[in-house]
Amino acid sequence: MRLLKQLVAVAVVAFAGGAIVGAVQGNAFLTLVLGVATAALAVFVYARVVRWSERRAPVEVGAKGAVPAVGRGLLIGAGMFAAVIVNIAFIGGYRVDGLGSVTGAIGMLGFMAAAAVTEELLFRGVLFRIIEQRTGTWIALTLTGLLFGLMHLTNQHAGLWGAIAIAIEAGGMLAAAYAATRTLWLPIGLHFGWNFAAAGIFSTEVSGNGATQGLLNGVTSGPALLTGGDFGPEASPYAVVFGALLTIAFMWLARRRGNLVPLRRHARADATATLAP
């Protein structure tokens, strides 16, 4: 029941805010303001619902250490995407044809802030966290990662490989980042840094949602197998490999810090019963 309450509360803010931000995307300033407002409102609603439904302080979105955690995540996410672009450019699959649009990048700041915050609250703050309490970290990471990938099948240029890539490089990595830190701020910063670098800096497609115009006038060409094709660099094997490596690193850190939740006894019993003839 608490899972449903939290999902509904955050989803209402996400969909309503997303619709409003989408409607004003032609206006960079309004997109920025409304996107940041949607992100802030989503965090506020999440915190209040957690207090009400779980009778505890929402420490995963606590103010202490939030700014440096978001900053670290932003650097990791942007750096990871830059590494993907460098590798694609090395094989001739990406080039820069001059400067792009500053106003386009400003609008992307708001749009991606709203998307990163609401998606992290829904998938890592609610789904992963509550499923983990019942099944353990590894099962929760697998299930929510797959769900996160499948969600992207509704995007314009999505396909099965794109969904699998997102499940591995984002669904798994972001859940592992939360497990390692037990705060949502690092995955929020990582998610935002990745998305903004893709759309707001390098002007590539983000998860098959269509072309974007950021700070650079970037052109992607060459074999879709390496560049990600119409889905964008997120479907590139470079992105999958880098995401998988970061997932391993975060899970190693989570284990070292004692943050991994073991497989619950009743979960093992359910799994045994399911597999029994």
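The values are calculated or read from the model by the stated rules, or taken from the named source; none is laboratory data. A quick note: this is a predicted structure, and the numbers were derived from the prediction, not measured. Reconstructed Cβ throughout: ideal geometry from the backbone, glycine too, with neighbour counts over all protein chains shown.
Couple of notes before you dig in:
- Pick from the stretch 23-32, criterion assigned to a helix (DSSP H, G or I) and out of contact with any Ser or Thr (no Cβ under 9 Å at 6 or more places or on another chain), ranking: surrounded by the most Cβ atoms within 10 Å (Cβ to Cβ): 31
- Cβ-Cβ under 8 Å pairs, at least 6 apart or on other chains, the stretch 42-55 side outside any helix (DSSP H, G or I), far side loosely packed, with under 12 Cβ neighbours inside 10 Å and among the polar types (S, T, N, Q): none
- From the list 50, 59, 96, the one residue that fits, being within 19 Å of residue 125 (Cβ to Cβ) and surrounded by 14 or more Cβ atoms within 10 Å (Cβ to Cβ), is 50.
- Residues being in contact with a helix residue (DSSP H, G or I) (Cβ under 7 Å, 6 or more places away or on another chain) and of a type outside the set (Val, Ile, Thr) - total across the stretch 238-256: 10
- Within the stretch 77-101, being out of contact with any strand residue (DSSP E or B) (no Cβ under 7 Å at 6 or more places or on another chain) and under 25 Å from residue 189 (Cβ atoms) holds for 77, 78, 79, 80, 81, 82, 83, 84, 86, 87, 101.
- Criterion: free of Cβ contacts under 8 Å to residues at least 60 places away in the same chain and surrounded by 18 or more Cβ atoms within 10 Å (Cβ to Cβ) - qualifying residue of 123, 90, 111: 123
- With respect to the conditions (1) at pLDDT 90 or above; (2) more than 30 Å from residue 215 (Cβ to Cβ), residue 32 falls short on a single one, namely (2).
- Condition met for residue 17 (modelled with pLDDT under 80, of a type outside the set (A, V, I, L, M) and within 21 Å of the chain's Cα centre (by Cα)): no
- In the stretch 93-123, the qualifying residues are those that are small (Gly, Ala, Ser) and over 24 Å from the mean Cα position of the chain (by Cα), and the one that is modelled with the highest pLDDT is 93.
- Filtering 35, 71, 18, 77 for residues that are touching a His at 6+ places or on another chain (Cβ under 9 Å), within 29 Å of residue 233 (Cβ to Cβ) and either surrounded by 14 or more Cβ atoms within 10 Å (Cβ to Cβ) or polar (S, T, N, Q) (or both) leaves a single hit, 77.
- Residues located in the stretch 228-247, provided they are in contact (Cβ under 8 Å) with a residue 12 or more places away in the chain, surrounded by fewer than 20 Cβ atoms within 10 Å (Cβ to Cβ) and within 19 Å of residue 73 (Cα to Cα): 242, 244
- Positions within the stretch 136-163 being of a type in the set (Val, Ile, Thr), surrounded by fewer than 22 Cβ atoms within 10 Å (Cβ to Cβ) and modelled with pLDDT of 95 or more, in sequence order: 139, 142
- Restricting 167, 176 to residues that are in a helix (DSSP H, G or I), surrounded by 24 or more Cβ atoms within 10 Å (Cβ to Cβ) and of a type outside the set (Val, Ile, Thr) narrows the list to 176.
- Residues being touching a Lys or Arg at 6+ places or on another chain (Cβ under 8 Å) and modelled with pLDDT under 90 - total across the stretch 187-217: 0
- Residue match in the stretch 179-189 (condition: part of a loop (DSSP other than H, G, I, E, B) and either hydrophobic (A, V, I, L, M, F, W, C) or farther than 18 Å from residue 73 by Cβ (or both)): yes
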